[in-house]
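Below is one structure, written out as structure tokens; comments come after it.
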Amino acid sequence: MVSRPERRPPGRALPVFPWDTLAEARSVATAHPDGLVDLTVGTPVDPVAPLIREALAAGSAEPGYPTTIGTAELRLAAADALHRRYGVTGLDPGAILPAIGTKELIAGLPAQLGLGPGHTVVVPEVAYPTYEVGALLAGATVVRADSLTQLGPSSPTLLYLNSPSNPSGRVLGVDHLRKVVGWARDRGVIVASDECYLGLVWEGEAPSVLDPRVCDGDHTGLLALHSLSKTSNLASYRAGFVAGDPSLVAELLAVRKHAGLMMPLPVQNAMTAALRDDAHEAEQRERYRARRELLLPAVQDAGFRVDDSQAGLYLWATRDEPCRETVDWFAARGVLVAPGEFYGSAGARHVRIALTATDATVAEAVRRLA
């Protein structure tokens, strides 16, 4: 028999899927006499705006294949929305590429940019797990760091920013982002800025990495990742996009065309409608603001400190104990929250509490915490 290399399923190199480790706490919380209050996953629960649903339906009769690059109308709507909502200027609509959900984009980004063994990907110390997963799938090395001094003289290939942060809600200001962009350009490092929560700021402002105050209007080496899952309730639609450096977007397009990574045309139509309309986004933001204004003081009054959380859909809470003990405390009250260690060892004494629950569910959580 001809010998061949041993097959190595990629999943073996990945960490345990974190949500699988919550089974016991979920069982305890579910056994509560009044049932389970689930504040773990940031899944939208509010209805999709009618104008978006109508646009989806209007595209449902098209029998042909969509294009990977997306329609011209979608790309123009995205460029206009970034300018109108976040002050991004000088963005070429040709440097925008739709993605079948931002998680898919992040999971494939290192490999699609040509990273592999010998390359380093920098992720925040407390970070969305898919940054690390994408790097591992590409065979790259992962380094966790929140400051440039931690990286010393190293020269990574890709550096992730996430502002506002999932899970902590931390916001990076103009000066911080500007410093990172300058450092990266001096070393030829690609910066991928996950800005999925940019439209959900509760205190101050959160600039985009493509903001001219950050990058002087030069998008070289920069990729901004956006999602409509949170701001427009389109998690089920898988509607995201990447924008920035035209040459990097072209690299991604070349790979994604071969891989058949095409956003369905009805979803492109729905996404275009969502990006053109700010009213539904503002309405949804106020829903979350109202829930935050109920849940934040309730968590604090229950003896927890809430760190960061200036933006996004979560409260980053602690009472300076191991996070699994905090999870158990909540579970005994029928409330399920996410342990901070899901997002890195630096989160081991925090829990993430989601605002993505109905008004009635949030009110019930407040009642139980009291």
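Table for the structure above
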{"item": "Among (1) among the β-branched types (Val, Ile, Thr); (2) surrounded by 13 or more Cβ atoms within 10 Å (Cβ to Cβ); (3) outside any helix (DSSP H, G or I), the one test that Val16 misses", "result": "(2)"}
{"item": "Answer from Thr157, Thr149 - the residue that is of a type in the set (S, T, N, Q), at pLDDT 95 or above and over 14 Å from the mean Cα position of the chain (by Cα)", "result": "Thr157"}
{"item": "Candidate set from region 251-260 (those that are farther than 17 Å from Ala72 by Cα and not basic (Lys, Arg)); member that is least open to solvent (accessible area, probe 1.4 Å)", "result": "Leu252"}
{"item": "Leading residue by the ranking (farthest from the chain's Cα centre (by Cα)) among those in region 109-139 that are buried (at least 21 other Cβ atoms within 10 Å of the Cβ) and small (Gly, Ala, Ser)", "result": "Ala138"}
{"item": "Which numbered condition Leu105 misses (of (1) surrounded by fewer than 21 Cβ atoms within 10 Å (Cβ to Cβ); (2) in a helix (DSSP H, G or I); (3) not aromatic (Phe, Trp, Tyr))", "result": "(1)"}
{"item": "Every residue from region 128-143 that is part of a helix (DSSP H, G or I) and within 20 Å of Cys196 (Cα to Cα)", "result": "Pro129, Thr130, Tyr131, Glu132, Val133, Gly134, Ala135"}
{"item": "Members of region 144-193 found to be part of a loop (DSSP other than H, G, I, E, B), without any contact (Cβ under 8 Å) to a residue 12 or more places away in the chain and small (Gly, Ala, Ser), listed by number", "result": "Ser147, Gly152"}
{"item": "Options Thr21, Thr43; residue that is under 23 Å from the mean Cα position of the chain (by Cα), within 28 Å of Ile96 (Cα to Cα) and open to solvent by 60 Å² or more (accessible area, probe 1.4 Å)", "result": "Thr43"}
{"item": "Residue match in region 316-337 (condition: within 19 Å of the chain's Cα centre (by Cα), within 20 Å of Ala25 (Cβ to Cβ) and open to solvent by 40 Å² or more (accessible area, probe 1.4 Å))", "result": "no"}
{"item": "Any hit, region 323-341, residues being among the hydrophobic types (A, V, I, L, M, F, W, C), in contact with a strand residue (DSSP E or B) (Cβ under 8 Å, 6 or more places away or on another chain), in a helix (DSSP H, G or I) and within 17 Å of Val201 (Cβ to Cβ)", "result": "no"}
{"item": "Test for Thr356: is it hydroxyl-bearing (Ser, Thr, Tyr), farther than 27 Å from Arg84 by Cα and touching a helix residue (DSSP H, G or I) at 6+ places or on another chain (Cβ under 9 Å)", "result": "no"}
{"item": "Region 338-354, residues that are among the aliphatic types (A, V, I, L, M) and open to solvent by less than 10 Å² (accessible area, probe 1.4 Å)", "result": "Ala338, Val351, Ile353, Ala354"}
{"item": "Residue check for Ala282: hydrophobic (A, V, I, L, M, F, W, C), within 25 Å of Gly312 (Cα to Cα), open to solvent by 20 Å² or more (accessible area, probe 1.4 Å) and part of a helix (DSSP H, G or I)", "result": "yes"}
{"item": "Residue within region 52-70 that is open to solvent by 60 Å² or more (accessible area, probe 1.4 Å), acidic (Asp, Glu) and either in a helix (DSSP H, G or I) or over 23 Å from Glu195 (Cβ atoms) (or both) present", "result": "yes"}
{"item": "Qualifying residues in region 227-250 (those that are part of a loop (DSSP other than H, G, I, E, B) and hydroxyl-bearing (Ser, Thr, Tyr)) - the one surrounded by the fewest Cβ atoms within 10 Å (Cβ to Cβ)", "result": "Ser229"}
{"item": "Residues located in region 71-84, provided they are touching a helix residue (DSSP H, G or I) at 6+ places or on another chain (Cβ under 8 Å), surrounded by 14 or more Cβ atoms within 10 Å (Cβ to Cβ) and in a helix (DSSP H, G or I)", "result": "Glu73, Leu74, Arg75, Leu76, Ala77, Ala78, Ala79, Asp80, Ala81"}
{"item": "Candidate set from region 194-226 (those that are assigned to a helix (DSSP H, G or I) and touching a Leu at 6+ places or on another chain (Cβ under 9 Å)); member that is surrounded by the fewest Cβ atoms within 10 Å (Cβ to Cβ)", "result": "Arg213"}
{"item": "Residues located in region 302-315, provided they are of a type in the set (Gly, Ala, Ser) and open to solvent by 10 Å² or more (accessible area, probe 1.4 Å)", "result": "Ala302, Gly303"}
{"item": "Single residue of region 355-370 satisfying the filter (more than 16 Å from Ala302 (Cβ to Cβ) and in a helix (DSSP H, G or I)) that is most open to solvent (accessible area, probe 1.4 Å)", "result": "Asp359"}
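The values are calculated or read from the model by the stated rules, or taken from the named source; none is laboratory data. Quick caveat: nothing in here was measured; it's all calculated off a predicted structure. Note that we place each Cβ from the backbone using ideal geometry, even for glycine, and neighbour counts take in every protein chain shown. Heavy atoms of the whole protein, side chains included, go into the accessibility calculation; ligands, DNA and RNA do not. Shrake-Rupley method; radii C 1.70, N 1.55, O 1.52, S 1.80 Å.
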